[in-house]
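K.L.:
Questions regarding the structure given below will be posed in turn.
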Amino acid sequence: MIYLDNAATTVRKPPAVAEAVLSALGSFGNSGRGAYGEALDAGRCIYETRLLLGELFHCPAERVCFAPNSTAALNTAIAGLFAPGDHVISTDWEHNSVLRPLYRFRAQGGAVDFLPADRQGRLDWDALPFLLRRETKAVVCTHASNLTGDAVDLRRVGQFCRAHGLLLVVDASQTAGLLPIDMEEMGIDVLCFTGHKSLMGPQGTGGLCVGPGVEVRPLLTGGTGVQSYRETQPEEYPTRLEAGTLNGHGIAGLRAALRFRRELGRETILARELGLARRFYEQVRDIPGIRFYGDCEARERAPIVTLNLGDADSGAVADALWEGCQIAVRPGAHCAPRLHRALGTEEQGAVRFSWSWYSTEEETDAAAAALRALAEA
């Protein structure tokens, strides 16, 4: 199999990830629920993982809060920061993990405006000041589109938010561990991430990093192992946003993935992944009738190439690549309905190719050859 659906999840992980999960399954107790060795081992692992994530994103470790994935983290942030009467600005690039919580917020008495994208998928940043209202509370946006791979200039958005006293909430699902993220420098107040994509950790891991001075109301309440006689969730981070038993086994795998990434270096990983995406693009860009979505030649972007072959249904193209060549890609709507509407691809969808550290030049060349042969056929 040639696996090029890494924007959905990375299948190939560093060997240490699986080893860490297996070891934790046989040895971890419940963090914070006892002073015996197994519970303390779990607690130490979780704490070290907080440190590694805090170092990666430039966030205090005690404000790194774990969640099952980006979707859970984004729901926590959106439900915990905004109230009826507030106004939020977002973009047409967003995934449903942002859109659906915002639509629910709107149905509960909030207001939302979206920065529009044009037919090429470009966001109209000049329109941002015109969306401001007296009751505007925040900008909620992705760091990079999961459909096109194009990246948002977070420094520019952060400066805008600071100038107008707004919060900045970022969905880093496609970029965590890949593109540079400095919460303090970029003015990010809440960063939501998942562990199973660019970080190459296990599914079921992720979280939100909450900047100093930002207060997020808990989405869930329950056991924390501390302050058990309180009737309400503890106010201190990270327990404020971590009700119930954490996924210690998955976090052990995430710690191993973070160690692997730190040893290799973010720049090394990004250069390889973007290099493979560019190699593929250069081999297929002259296919007659091919259409690309997003700026595949940009220097800072996610390692994604999204395209269509003429009027062919994206699902049919993906099926042909799989059945004929065992090449795994993602067709369809990609949980990004607003951007598909902007691109005019609601009915056709699009075919997304995406790379990881474990993708190879040979696989990339084979995928390009298969796409060209399919187009010619």
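The values are calculated or read from the model by the stated rules, or taken from the named source; none is laboratory data. Note that this is a predicted model, so its numbers are computed, not measured. No Cβ is skipped: glycine too gets one built from the backbone with ideal geometry, and neighbour counts run over all protein chains shown. Accessible surface areas use protein heavy atoms only, side chains included; no ligands, DNA or RNA. Shrake-Rupley method; radii C 1.70, N 1.55, O 1.52, S 1.80 Å.
K.L.:
Which of (1) in contact with a Leu (Cβ under 8 Å, 6 or more places away or on another chain); (2) aliphatic (A, V, I, L, M); (3) open to solvent by less than 10 Å² (accessible area, probe 1.4 Å) is the odd one out, the single condition Ala67 does not satisfy?
P.N.:
All conditions are met except number (3).
K.L.:
Tell me yes or no: at least one residue of the range 233-244 is touching a helix residue (DSSP H, G or I) at 6+ places or on another chain (Cβ under 8 Å), part of a loop (DSSP other than H, G, I, E, B), hydrophobic (A, V, I, L, M, F, W, C) and in contact (Cβ under 8 Å) with a residue 12 or more places away in the chain.
P.N.:
No: zero hits.
K.L.:
Taking the range 275-302, which residues are out of contact with any Gly (no Cβ under 7 Å at 6 or more places or on another chain) and part of a loop (DSSP other than H, G, I, E, B)?
P.N.:
Scanning the range 275-302 gives Arg285, Asp286, Ile287, Pro288, Asp295, Cys296, Glu297, Ala298, Arg299, Glu300.
K.L.:
Mind listing whichever residues of the range 326-376 are of a type in the set (A, V, I, L, M, F, W, C) and part of a strand (DSSP E or B)?
P.N.:
Ile327, Ala328, Val351, Phe353
K.L.:
Moving on. Could you list, in sequence order, all residues of the range 1-54 that are of a type in the set (Gly, Ala, Ser) and part of a loop (DSSP other than H, G, I, E, B)?
P.N.:
Ala7, Ala8, Gly26, Ser27, Gly29, Ser31, Gly32, Gly34, Ala35
K.L.:
While we're on this one: Cβ-Cβ under 8 Å, sequence separation 6+ or interchain: first residue in the range 55-69 and farther than 15 Å from Ile181 by Cβ and part of a helix (DSSP H, G or I), partner open to solvent by 20 Å² or more (accessible area, probe 1.4 Å) and aliphatic (A, V, I, L, M). Which pairs?
P.N.:
Hits for this filter: Ala61/Leu51.
K.L.:
Separate question: Considering only residues that are open to solvent by less than 20 Å² (accessible area, probe 1.4 Å) and in contact with a helix residue (DSSP H, G or I) (Cβ under 7 Å, 6 or more places away or on another chain), which ones fall in the range 149-175?
P.N.:
Across the range 149-175, the qualifying residues are Leu154, Gly158, Leu168, Val169, Val170, Asp171, Ser173.
K.L.:
Take Ala342 and tell me if it is hydrophobic (A, V, I, L, M, F, W, C) and within 21 Å of Ala151 (Cβ to Cβ).
P.N.:
It is true that Ala342 is hydrophobic (A, V, I, L, M, F, W, C) and within 21 Å of Ala151 (Cβ to Cβ).
K.L.:
Let me ask another. Which one of these does Ser145 not meet: (1) more than 26 Å from Thr194 (Cβ to Cβ); (2) open to solvent by less than 20 Å² (accessible area, probe 1.4 Å); (3) out of contact with any strand residue (DSSP E or B) (no Cβ under 7 Å at 6 or more places or on another chain)?
P.N.:
Against the list (1) more than 26 Å from Thr194 (Cβ to Cβ); (2) open to solvent by less than 20 Å² (accessible area, probe 1.4 Å); (3) out of contact with any strand residue (DSSP E or B) (no Cβ under 7 Å at 6 or more places or on another chain), Ser145 comes up short only on (1).
K.L.:
Report yes if some residue within the range 79-86 is surrounded by fewer than 22 Cβ atoms within 10 Å (Cβ to Cβ), in contact with a Gly (Cβ under 6 Å, 6 or more places away or on another chain) and either aromatic (Phe, Trp, Tyr) or closer than 19 Å to Gln174 by Cβ (or both); otherwise report no.
P.N.:
No, the conditions are met nowhere in the range 79-86.
K.L.:
How about the range 92-107: which of its residues are aliphatic (A, V, I, L, M) and open to solvent by less than 30 Å² (accessible area, probe 1.4 Å)?
P.N.:
Our first condition is that a residue be aliphatic (A, V, I, L, M); within the range 92-107, this holds for 98-99, 102, 107.
Correct list: Val98, Leu99, Leu102.
K.L.:
Look through the range 188-227, keep the residues that are among the small types (Gly, Ala, Ser), in contact (Cβ under 8 Å) with a residue 24 or more places away in the chain and open to solvent by 10 Å² or more (accessible area, probe 1.4 Å), and return whichever of them is farthest from Glu267 (Cα to Cα).
P.N.:
Once the filter is applied, the top-ranked residue is Gly225.
K.L.:
Mind listing whichever residues of the range 32-63 are closer than 11 Å to Ile251 by Cβ, in contact with a helix residue (DSSP H, G or I) (Cβ under 8 Å, 6 or more places away or on another chain) and not polar (S, T, N, Q)?
P.N.:
Scanning the range 32-63 gives Ala42, Cys45, Ile46, Tyr47, Glu48, Arg50, Leu52, Leu53.
K.L.:
Identify all residues within the range 261-307 that are touching a strand residue (DSSP E or B) at 6+ places or on another chain (Cβ under 8 Å), among the charged types (D, E, K, R) and free of Cβ contacts under 8 Å to residues at least 24 places away in the same chain; write none if there are none.
P.N.:
Arg285, Arg291
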